[in-house]
Amino acid sequence: LMKDKMIKKGITILAGSVGSLKSFIGLDWGIKLSNEFNVLYLDTENSIALQKDRLKQLKKGYQIEDKKLKLTIAFLNLKFDENGLKRLEKIIIDKKINIVIIDSLIGVFDGDENLSNDAREFYRKLQNLIKKYDLSFLILAHARKSNKKFSNSTIKELEDIRGSSDFV
């Protein structure tokens, strides 16, 4: 997918510091992917007005009509607990979703992001959804605030995103 930028039937993380255009890039990828796939963009942190404006700009730039998009944008306060997963599965089934873009990790993570057991449990839930529904995930994540400069050039730096390499 996306010319080797996303893992097919797996998890891809796009991480960066605040203001690094992660949400804009995620929405851009969602639009591009929606030409072939049913995409769910699960937004847990941006305003509806902001995303509508971004979507309008991107559609204008790509000269895309609404009816051609297979993109569902959901603004939900949804954690990956039992109730949240049921809500997400309902959307996946109803809309026949192939790709889920989560903006952002911290908005859906239902544990302590710095504990490896919690990270492993979250990863397990994602893997179960991938297997059950043949999904691909793109997860937008913030670089830890303690990092003054973010670079994704090494595995160690990727581990620093959330304290666990389970996502890499």
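The values are calculated or read from the model by the stated rules, or taken from the named source; none is laboratory data. Please read all numbers here as calculations on a predicted model, not as lab measurements. Cβ atoms come from the backbone with ideal geometry, glycine included; neighbour counts cover every protein chain shown. Protein only, heavy atoms only, side chains kept; ligands, DNA and RNA dropped before computing areas. Shrake-Rupley method; radii C 1.70, N 1.55, O 1.52, S 1.80 Å.
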At residue 25 and residue 75, where each label point lies 7 Å from the Cα along Cα→Cβ, what is the point-to-point distance in nanometres? 2.4
Under-5 Å amide H pairs with residue 72, H placed in peptide plane, nonlocal only: 39, 40, 41
At 1.4 Å probe size, what's the solvent-accessible area of residue 41? Round to the nearest 10 Å². 0
Net charge (Lys, Arg +1; Asp, Glu -1) of residues whose beta-carbon lies under 11 Å from that of residue 42, residue 42 excluded, is -2
